[in-house]
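The values are calculated or read from the model by the stated rules, or taken from the named source; none is laboratory data. The shown structure was predicted, so the numbers you read here are calculated from the model rather than taken from an experiment. FYI the Cβ positions are ideal-geometry reconstructions off the backbone, even for glycines, and counts take in every protein chain you see. All accessible areas refer to the heavy atoms of the entire protein, side chains included, with ligands and DNA or RNA removed. Shrake-Rupley method; radii C 1.70, N 1.55, O 1.52, S 1.80 Å.
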Amino acid sequence: MGPTSALAERVARLNLAAVPAAAVDAARAALIDGVGVAIAGSTHQLGRLVSGYVDELGCAPVAGTLAGGRPTSAENSALVGGVAGHALDFDDTWMPGGGTDQATASHPTCSLVPVLVALGQDGTTTGAALVESLLAGLEAHGKVGFPGRTTIRAGWHGSAVFGAVGAAVTAARLTGLDPAGIRTTIALAVTHAGGLNVNRGTMAKPYQIGNVAAGAVRAAALAARGFTAAGDVLEGRHGFAHAFLDDAHWHPDRFVASLDGPLSVLDPGIDMKRYASCLFTHRALDATLEMVERHQVAAADVDRIAVTTSPGSIVDRPAPRSGLEGKFSLQFTVAQAVLHRRVGFRQFDDAALRDPALVDLMNRVDVVADPALTSDYALVPRPVRIRLRSGTELADPVAIGTDAWCRRMSAGELADKYLDNTGPVLGAEPARRSLDLLARAERLTADQVGELLAILTSPQRNGVSP
């Protein structure tokens, strides 16, 4: 059996009764985080632009959207949700537990939650179906996306490449398709795979995720109607692997064998973000925040800050032109950490770039390229050195050491993040009720799923923007 058929068979069989409890816990956490980040992202300017566009289309009112706009088609609901889910760059990330595994960094859940919301509003979907479909999509994304970091060809946006496969599987499972239907959905959906990394720091990067989510919903609907496509789309000549992956690192037999391994939500697992910025800024932010708190450093005390990274780092951007671009700037994020002692998603707006105190501090942040580091994936033990005007130099090691990219969030911290993201948008009580439902997502009845999605897509919003 080839890779495409083997993957379709694997995800078709996946059910909650047969997976470890830890995998269900991980999927539930991803669902909570993905929903919360999308609700917050829906109020960003780019979320409002896409929602307004969809409102103007006047489609048949099949599904509400995470932006709270008018009900629209399921496909357009997924478009809005995908854009919102990646708008803040606050969504979860696939990363290995340590720094030696050069796995492909991508955002797995942002393209899946919009599919769940778009297709889950039919009145019959249970919580178990939602979580199984999410787990299946995460498994597909993870297995396709982890042959090794070097496999993806330069320029492609991994989240919008591997995310197309994951979103296709989630859509196919919620639609009730068999393995053949799942295989066709994957083949149709990957025609929407792509997106370019040149769009980092612009509105186009989240749009690439919305495009993938919408394409998956469309693909599942067409597959259910008998539409056909290549049956070997992953491995076939001129197929997915040929187009997107480095041939030297794509091994079909190893891929098929990997499907019998641990679920991707357990190995390598998913990292939830504490900061609404590129993950490659997070070790530096952890180090900076630890030092400014421990040594009570104020911005006025700082002479220079040196941040060590690799040559050609994607997060060396000394003069970001927007809050979105600031998410990919060590200079911007580290200055925020020193100045405000926190890096919340509301700090990444264009107005911050007009703050003289922040701009002055950014100009004192030097990103130092260490030629011994081969990529942004290198886990530097002391990534930040702060030289004070007094002459003292601080260079404390990151508390988490060199075996992880960021501190893992506890269940309580994840709940706090969710309420901070959703409370100002949905209102305090609806936000708390939705969290209560999400916290037992796999046990929800169809009526309770309907209640949850009604809260998340309600047009009654507080109107507070991040």
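For region 420-466, compute Rg over Rh where Rg is the Cα radius of gyration and Rh is the Kirkwood radius from the inverse mean 1/r over Cα pairs. Let's see the in-between values first.
Numbers: Rg = 10.9 Å, Rh = 11.0 Å.
So for region 420-466, dividing Rg by the Kirkwood Rh gives 1.00.
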1.4 Å probe accessible area per residue over region 113-213, in Å²
27
For the chain, state what percent of all Cα-Cα pairs lands in each successive 20 Å bin, counting from 0 Å until the bin that includes the largest distance.
26, 57, 16, 0
Extension gain (nm, one decimal) between LEU373 and GLU9, 0.36 nm per residue minus Cα-Cα:
127.0 nm
Spin-label model distance (nm) - ASP178 vs ALA351, 7 Å beyond Cα toward Cβ:
5.8
Dividing the Cα radius of gyration by the Kirkwood radius, what Rg/Rh value follows for region 281-326?
1.00
Rounded to the nearest whole number, the per residue volume of the convex hull around the C-alpha atoms of region 163-256 in Å³ is 101
How many nm is it between the label spots at ASP260 and GLU451, if each spot is 7 Å from the Cα in line with the beta carbon?
4.4
Enter the angle in degrees (range 0 to 90, nearest 10) between the Cα long axis of helix 45-57 and the first principal axis of the Cα atoms of the chain, meaning the one along which they spread out most.
30
Grab the DSSP H runs of the chain that are 4 residues or longer, score each as -39,500 (n - 2.57), total them, divide by all residues and round the 222 nm result to the nearest 500 deg cm²/dmol.
-14500 deg cm²/dmol
Quarter of Cα convex hull surface for region 265-307, i.e. mean projection, nm²:
4.2
A chain fully extended from ARG304 to GLU429 at 0.36 nm per residue, minus the present Cα-Cα distance, gains in nm 40.5 nm
Helix 74-86 versus the longest principal axis of the chain: what angle, 0 to 90°, nearest 10, using Cα atoms?
20
Sequence-separation-based contact order of the chain, relative, with Cα cut under 8 Å and 6+ spacing, percent:
22
Can you send over the carbon and sulfur percentage of the accessible area for the chain, probe radius 1.4 Å, protein chains only?
53
What does the convex hull of the alpha-carbon atoms of region 264-356 project to on average, in nm²?
7.2
Where does region 193-337 land on the Kirkwood hydrodynamic radius, alpha-carbon pairs, in angstrom?
19.4
Can you tell me the length gained on complete extension of the stretch ARG225 to GLU56, counting 0.36 nm per residue apart and subtracting the Cα distance?
58.1 nm
Just the number please: accessible area per residue for region 258-403, 1.4 Å probe, all protein chains included, in Å².
40
Once you order the gyration tensor axes a ≥ b ≥ c over the Cα atoms, which shape class does region 245-290 get: rounded for a/c under 1.5, otherwise prolate or oblate by comparing a/b with b/c?
prolate
Mean projection area, nm², convex hull over Cα of region 232-312
9.4
Hey, if we sort ASP370, ASP25 by accessible area with the 1.4 Å probe, largest down, what's the order?
ASP25, ASP370
